[in-house]
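I have placed the structure first, in the form of structure tokens, so that the comments after it can refer back to it.
The values are calculated or read from the model by the stated rules, or taken from the named source; none is laboratory data. None of the values given here were measured: they were computed from a predicted structure. Glycine gets a Cβ as well: all are built from the backbone with ideal geometry, and neighbour counts include every protein chain shown. Surface areas here come from the heavy atoms of the whole protein model, side chains and all, with no ligands, DNA or RNA. Shrake-Rupley method; radii C 1.70, N 1.55, O 1.52, S 1.80 Å.
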Amino acid sequence: MLDFAASTILISGAASGIGAATATMLAARGARKLILVDRNEDRLADFAFSLPCERALLIGDVADERLWASADLTGLTHAIVNAGIADSKPIVETSLADWRRTMAVNLDGAFLTLQAAMRAMKDRGGAIVLTASVAGLKAEPGIAAYGASKAAVIHLARIAAKEGAPQKIRVNAIAPGGVETPIWSELPFFTALAQEKGSEAAAFSAMASSATPLGRFAKPEEIAEQIAFLLSDKAAFTTGTCLVSDGGYSL
Ligand code: NAD
């Protein structure tokens, strides 16, 4: 199934989790070239080595304008705006620096990545997916900056869809629920839970059983499959939507 033959695809946050799973899937589906963006140079280089297609590595912070000024996105056909970080503090304990750190990566970084992709696609069209989160749709305590950043990403995708339509650029968001990726190990409550339960797998299972009707978190490959669908011509009439893929968490 070579849906992505001859495509040039940008993926931010490509060294790990959902970004890496999507890169692997798109390379297997015929991508000609992947432009892989991440600030973790060693992990990205190790991972990219295994991919069976041409690849270009863009190392740096997605929230840094200089990264995008130097980026060569010639021939870009698809983009996945995916780099993100988590946080977990109640509002009263969140400093302005905490807030800005999350917003810088999740929202400023998404804006700059989206802008670079839309500029590169303006003459030939293309398809873009932004990785939001169900946390941008459902209010939960303790994730104000993260949830607000992801709600903004969902709306940014809608506006970009309207602005991009005349140039045949489709823009959609995806809102995953819990996904088994390393992002969770940044969160002190998760590392404490993993210690208490004996493993990260047991901690994922405990969290899913309490709040996700399907009783499990997703594997990153499952989210990659949904991203690939939104990017593909099978979704050619779909723009400005947010695909919720959360095992029923938001119900
Ligand atoms: P991950 O930590 O496995 O991967 C994120 C990647 O982004 C890492 O390689 C990291 O180095 C990179 N990154 C972070 N900040 C960056 C920056 N400023 N510049 C460049 N690269 C940067 O996490 P993941 O779970 O694969 O997350 C991918 C996206 O999915 C994120 O936007 C996240 O918010 C979203 N998401 C994740 C989950 C989940 O449960 N894992 C759920 C909903 C949404």
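Key figures for this structure:
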| quantity | calculated |
| --- | --- |
| Relative packing of peptides 86-98, 162-174 - highest average C-beta neighbours within 10 Å first | 162-174, 86-98 |
| For the chain, with +1 on Lys and Arg beta carbons and -1 on Asp and Glu, the positive-most of 142, 5, 107 along the dipole | 5 |
| Counted charge near residue 98, where neighbours are those whose Cβ lies closer than 11 Å (Asp, Glu -1; Lys, Arg +1) | +1 |
| Folded to 0 to 90 degrees: helix 220-231 orientation relative to the chain principal axis, Cα | 40 |
| Overall Cα dimensions of the chain, principal axis frame, Å, largest first | 51, 35, 35 |
| Accessible carbon and sulfur surface of segment 16-112 relative to its total accessible area, %, 1.4 Å | 53 |
| On Cα atoms only, tilt of 17-28 relative to the major axis of the chain in degrees | 30 |
| Straight-distance crosslink candidates among lysines, where the alpha carbon sits under 27 Å from residue 150 and sequence neighbours closer than 8 are dropped | 89, 122, 138, 162, 168, 219, 234 |
| Alpha carbon centroid spacing (whole Å) that separates segment 203-241 from segment 140-184 | 13 |
| Cα lying deepest toward the dipole's positive end in the chain, options 212, 88, 224, charges on Cβ | 224 |
| Accessible surface, the chain, averaged per residue in Å² (probe 1.4 Å) | 47 |
| With Cα atoms, 0 to 90° folded angle of helix 144-164 axis to the chain main axis | 20 |
